[in-house]
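**Student:** Got a structure for you, questions after.
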Amino acid sequence: MASIITLVTSTLLFLSFTLSCAIDTSTITNYTDNEVMTMYEEWLVKHQKVYNGLREKDKRFQVFKDNLGFIQEHNNNQNNTYKLGLNQFADMTNEEYRVMYFGTKSDAKRRLMKTKSTGHRYAYSAGDRLPVHVDWRVKGAVAPIKDQGSCGSCWAFSTVATVEATNKIVTGKFVSLSEQELVDCDRAYNERCNGGLMDYAFEFIIQNGGIDTDKDYPYRGFDGICDPT
């Protein structure tokens with residue numbers, strides 16, 4: 001189950017990177033350095049980016065320019081079925097993006113232990129009439145895409161999305177739950193904004209007797225002090 005969750009999370013993050021556009025990608029053409037700098041300055045304002053000094057800003061500009069070139073090359077290829085554009089990640093390299101947003105920690109021993117479990121809540125019986133497919137998005141069990149910001153808390157978002165969906169399927173009611181509670185309070189094995197594992201987060205929720213709502217414990221995107229109330 002955890003491997004499936006990881007795959008879905010990675011897919012959603014990739015889609016958010018490629019499809020969340022800040023400009024009309026159909027109008028991307030070759031730009032001069034001055035034009036790119038103007039675009040960069042406008043992008044900085046739009047996404048409220050602030051850097052620690054001019055050296056870092058210049059470094060991020062070069063990454064921004066490289067990513068823009070990649071976007072141009074991709075969008076000019078008529079064989080591609082989708083378009084790319086500049087979003088809030090346009091000043092990050094691929095490696096930086098992977099480290100920040102694919103921050104799920106692996107635990108080989110834990111995975112091995114999980115494979116030994118043989119318990120199942122559902123067993124197929126002869127005569128059961130099952131649908132060919134089920135789209136839980138249509139049924140309201142999948143929340144809109146959320147933004148984890150610069151915190152490596154994908155493990156918390158994956159966990160919460162799974163619990164939200166399960167709760168909706170079982171009770172028929174969708175409730176938005178708190179990723180920030182996991183970031184702040186689930187410290188035994190998970191590493192807050194430095195990554196974690198969904199298995200441990202599920203155990204935390206069980207041992208904690210549940211999880212707070214996003215409304216009562218909203219997401220802030222940084223390591224905070226656990227609020228047990």
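None of the figures in this text is laboratory data; all of them are computed from the coordinates on show. Since the structure is predicted, the reported quantities are computational estimates derived from the model, not experimental observations. When we count neighbours, we look across all protein chains shown, and the Cβ atoms used for this are built from the backbone with ideal geometry, even at glycine.
**Student:** Rg/Rh for the stretch 21-86: what does it come to with C-alpha atoms and Rh from Kirkwood?
**Tutor:** Ratio value, two decimals: 1.00.
**Student:** Under a crude label model (7 Å from the Cα following the beta-carbon direction), how far is residue 128 from residue 46 in nanometres?
**Tutor:** Each label point lies 7 Å from its Cα, and together they span 4.8 nm.
**Student:** Find which of 75, 48, 63 sits farthest along the positive direction of the dipole of the stretch 21-86, computed with +1 on the beta-carbon of Lys and Arg, -1 on that of Asp and Glu, about the Cα centre.
**Tutor:** 48
**Student:** Next question. For a protection proxy built on the mean count of beta-carbon atoms within 10 angstrom, sort 36-48, 169-181, 149-161, 186-198 highest first, please.
**Tutor:** Descending packing order for the listed peptides: 149-161, 186-198, 169-181, 36-48.
**Student:** I've got another one for you. Do you know the relative contact order of the stretch 21-86, to the nearest whole percent, from alpha carbon pairs under 8 angstrom that are 6+ apart?
**Tutor:** Computed over the stretch 21-86, the figure is 55 percent.
**Student:** Using θ = phi - 60° and the Karplus relation 6.51 cos²θ - 1.76 cosθ + 1.60, list the HN-Hα couplings for the stretch 186-199 in order, rounded to whole Hz, with x at every Gly or Pro.
**Tutor:** Karplus-based 3J(HN,Hα) across the stretch 186-199 equals 8, 10, 4, 10, 7, 10, 6, 7, 9, x, x, 10, 5, 3 Hz.
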